[in-house]
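So the structure is just underneath, and the comments pick up after that.
Read-outs: derived from the displayed coordinates by stated rules, not from any lab. Bear in mind that the values here come from a model prediction, so they are computed numbers and not experimental data. Backbone-built Cβ (ideal geometry, glycine too); neighbour counts: all protein chains shown.
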Amino acid sequence: QVQLVESAGGLVQAGGSLRLSCAASGRTIIATMGWFRQAPGKEREFVAAIRWRGGSTYYADSVKGRFTISRDYAKNTLYLAMDSLNTEDTAVYYCAASPLFLIKTTTGYDYWGQGTQVTVSS
């Protein structure tokens, strides 16, 4: 089992920045961790993923160049730094973990955080 606890999101103006964190605990071996988001009335979508040991990163086209996923391996913590935010980034953001090597997908993740609201105002 893996428990994931996300930091609080927040309200930020367009063009601003925000960083989310996700603390992982448990004994299951993690291969991939990712960030996802779900806006009202839309399906959950992939945002970014990282290979837990190797550190390779993958991004959705909509956030590439603006968001950075990273992890502190020693602290078992995942991060998502979000820059140049716009109103279309408003959503509930979730972190997730998988024992599988995954890339750009929303499936295959067994463990999910509780979700945190990010609101970008114009």
The one condition ILE30 fails out of (1) crowded, with 18+ Cβ neighbours inside 10 Å; (2) farther than 19 Å from GLY16 by Cβ; (3) within 13 Å of the chain's Cα centre (by Cα); (4) in contact (Cβ under 8 Å) with a residue 40 or more places away in the chain is (3)
Within segment 46-64, residues being within 13 Å of the chain's Cα centre (by Cα), under 19 Å from SER25 (Cα atoms) and surrounded by fewer than 17 Cβ atoms within 10 Å (Cβ to Cβ) number 0
For segment 58-72, pairs from a residue that is farther than 14 Å from MET33 by Cα to a residue that is in a loop (DSSP other than H, G, I, E, B), with Cβ under 6 Å and 6 or more apart or across chains, are ARG66/ASP83; ARG66/SER84
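Residues checked against (1) in contact with a helix residue (DSSP H, G or I) (Cβ under 9 Å, 6 or more places away or on another chain); (2) among the polar types (S, T, N, Q); (3) within 25 Å of PRO40 (Cβ to Cβ):
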position	(1), (2), (3)
ALA74	no, no, no
LEU78	no, no, yes
GLU88	no, no, yes
TYR93	no, no, yes
SER98	no, yes, no
GLN117	no, yes, yes
